[in-house]
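Scroll down for the structure; my scribbles are underneath it.
No value in this document is a laboratory result; all are computed from the given coordinates. Note that the structure is a prediction, hence the values are computed from the model and not measured. Neighbour counts are summed over all protein chains in view; Cβ atoms, including those assigned to glycine, are modelled from backbone coordinates with ideal geometry.
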Amino acid sequence: IRQDLASARVAASGGDALGTPVGELLTRDAVTVGPDTPIREAAQIMTRERVSALVVVEAGRVVGIFTDRDLRAKVVAVGGNPEAPVATIMTPDPVTVDAHTRAFDATLLQMDRGVHHLPVCQDGAPMGMVTTSDLLRLAQADPVYLAARISRAPDADTVARLAERLLPLIGEFVRRGTAPQDIGRVITATADAATRRLLALAEADLGPPPTDYCWVGLGSQARGELGASSDQDNALILDDAADTVPGAHDYFAALADRVCDGLDRAGFPRCPGDVMASNPQWRRTASDWERRVRDWVGAPEPKAVLNSQVFFDIRAVHGSERLVDRVRCEMLSRSRGSRRFLAHLARIACDWQPPLGFFRGLVVASRGEYRNTLDIKAGGIAPVVQIARLHALSAGLSEVSTLGRLEAAAAAGVIARTDAENLAGAIRFLRGLAYRHHARQIAEGLDLDNHVDPSSLGTMDRHRLRAAFRIIAAAQSALAIQYRVGQM
C-alpha cells in the first residue's frame, strides 16, 4: 500500500519526483538492529526482511549502517567472525537525510558522497531507507540522473557522449521552472561525475596513484554554480610524499592530462587562462599550496589576487579531503587577518560595474556585435559572487556557494541580513534570466553568451533587472566606503 501511495504522489506531481520529500517515498519502515547485535543475526534479519542494509540504532538515534557489501567484504571474503557485534564492521555515523529533504537533494548527496543507502530520519529517529536504485526508479528519465549514468560509463568516449546530453536538458529545467541554483547544482553534479569517472579510468590505465591526492574543483564548479557555457577550473593537491616518491610527479602529470582532455571532450572546455591541473602551476603538494596561499595573501599583486580569487573557491571532487582541508585552513586563517588583501578583493568587486545610467536606467552597448544588449554576468552575477566571497573570507567562513556565503556572512554579522537577502534575490533572478537566455540560444543553435537585450524582456522582468542592478550598486558603494577603495 505504501508503495502505491508513493507512486501516486509522483504521478500527482506530473511524474517529477525531484520536489517530493523523501519521507513520502518510503515504502517500508526502517529495519534496525543495535550495535551489539551479532553479525550472523543481522545477516539473518536482512535475508528475512529482504533488505540490503540495516540501520544501526542506539538510544533511538542512528549510529551506523550495515550493508550486504560490509558483510561480503569484511566478513565472508576475509574469514571474519560472524559472532562479532555489528558495530565492529558497520559504517559509523553514516550520512542521513531528514524526511523533508527533497528527492533532488538526496540524489545529489548520494552522488557527491558516493553512497548507495541513505537512512531517512525524522527528529533524529530513523523512519526508513532510500537507495540509489529507489531514486533511479522513481524518475529514471529525469535530467538529474545524467550524472548517475556518467558515473558508470565504461570509457572516456562514453563519458563524452553522455555529457553531450546536458546542454539540451537545460531547456527542460527552464520549462519546469526549476530554481536557478538547482540548475547550477545539476550541471555541477554532471561535471563532478565526469571528473570522477575520468579519474577512475585514468587510474585503471596508469595504475594506482603513488601517493594520496585530491582533485579539486575551483571557481564556479567549487561553488556548485556551473553555467551552460562554463569552462574548466581545477587543480591537484598532492600529498607531500610526492616530492620523495620516484615518478610521482610524472604520474600525476599524466593523470591530469587525461582528465582535462576528457573533460574538454565532454563539453567542459579548457580554461583560457590555463587554470587546470594539467598546468604544473596548478598541480602542487599541500605544503607548496600553503606557501603559495601565503604569498598570494601577503603580497597581493594583481596577478596574485586574480589567482587567489579562483583558488579560494575550492572544493574536493575526488580523493583525500584532508589535503584540501589543510590548504583551506591556511587560506581562511591568512585571508581573515589581512586587511590589505581584503581591500584588493573589494576593489575588484567594485570594478564590475552594473549597466546603470546616471538616472539608474539600463545602459546597453551602443555598437559592435552586442549592440543594444547588456552583459548580465559581468554587470550582475560576477560582482555578487565577488562580494559574497569577500564577506566570507573576511569572517573566516568555510562556505563556498554564493548563497551559502551570503547567509553565513549575515549570521556572522559581517553584512546586514537585509542586504544579504537582497543580494541573494538579485543573483537568483539574474541566474534564472541567464539560464532562460541560454536555453533559447541552445534551442536555436546559437553560440552561448551572457548578453541580453532588455527590449526582449517583459515589463516585470525589466523592472526586476533594474532593481537587481541597483541592489548590487548599493552593495558596491558600501564596500568602497568600508575598504576605502577610492583611496587605494
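Show me 433-443, 362-372 ranked by packing, highest mean number of other Cβ atoms within 10 Å first.
Details: 433-443: 18.9, 362-372: 12.0.
Per-residue mean Cβ counts within 10 Å order the peptides as 433-443, 362-372.
Sort R185, R69 by Cβ crowding within 10 Å, fewest neighbours at the top. Spell out each step's value before the answer.
Details: R185 23, R69 13.
Ascending number of Cβ neighbours within 10 Å: R69, R185.
Here are labelled values, (i) 40, 29, 23; (ii) 37, 27, 24; (iii) 41, 23, 21, and one is the computed semi-axes √(5λ) of the Cα gyration tensor in Å for what I pasted. Which one?
Recomputing semi-axes √(5λ) of the Cα gyration tensor in Å here gives the entry labelled (i).
If one computes the Cα centroid of region 30-101 and of region 298-358, what distance in Å separates the two points?
43 Å
Calculate one ³J(HN,Hα) per residue across region 289-294 by plugging θ = phi - 60° into the Karplus curve 6.51 cos²θ - 1.76 cosθ + 1.60, and present them in order as whole Hz with x for glycine and proline.
Karplus-based 3J(HN,Hα) across region 289-294 equals 5, 4, 5, 5, 4, 4 Hz.
If you average the sequence gap of Cα pairs under 8 Å that are 6 or more apart and divide by the length of region 2-138, what percent do you get for the contact order? Please report the intermediate quantities before stating the final value.
On the way: 222 pairs, mean separation 39.6, N = 137.
Across region 2-138, relative contact order equals 29 percent.
Enter the Cα centre distance for the pair region 398-449 and region 372-391, rounded to the nearest angstrom.
Between the Cα centre of region 398-449 and that of region 372-391, the gap is 9 Å.
Across region 217-233, in residue order, what do the Karplus-derived ³J(HN,Hα) couplings come to in whole Hz, using 6.51 cos²θ - 1.76 cosθ + 1.60 with θ = phi - 60° and x for Gly and Pro?
Result, rounded to whole Hz: x, 10, x, 5, 5, 4, 7, x, 10, 4, x, 5, 10, 6, 9, 6, 9.
By how many degrees, between 0 and 90 and to the nearest 10, does the Cα long axis of helix 2-12 differ from the longest principal axis of the chain?
Tilt of helix 2-12: around 20 degrees.
Report, in deg cm²/dmol and to the nearest 500, the calculated mean residue ellipticity at 222 nm for the chain, where each DSSP H run with n ≥ 4 adds -39500 (n - 2.57) and the sum is divided by the residue count. Intermediate values should be presented prior to the final figure.
Working: 19 runs with 245 residues, N = 488.
Computed mean residue ellipticity for the chain: -16000 deg cm²/dmol.
Given the convex hull over the Cα atoms of region 340-487, what projected area results after averaging over all orientations, in nm²? Could you put the intermediate results ahead of the total?
Details: hull surface 39.0 nm².
Orientation-averaged projected area of the Cα hull: 9.7 nm².
Output ³J(HN,Hα) for region 70-85: one whole-Hz value per residue in order, computed from phi by the Karplus curve 6.51 cos²θ - 1.76 cosθ + 1.60 with θ = phi - 60°, and x for Gly and Pro.
3J(HN,Hα) across region 70-85, in whole Hz: 4, 4, 5, 7, 9, 10, 4, 5, 10, x, x, 7, x, 8, 5, x.
Which angle between 0 and 90 degrees, to the nearest 10, do you get for helix 248-265 versus the longest principal axis of the chain when only C-alpha atoms count?
70 degrees
Specify the angular offset, from 0 to 90 degrees and rounded to the nearest 10, of the alpha carbon long axis of helix 417-443 from the longest principal axis of the alpha carbons in the chain.
The angle comes out near 90 degrees.
In percent, what relative contact order does the chain have, based on Cα pairs under 8 Å that are 6 or more apart in sequence?
Taking the mean separation of contacting Cα pairs over the length of the chain, I get 11 percent.
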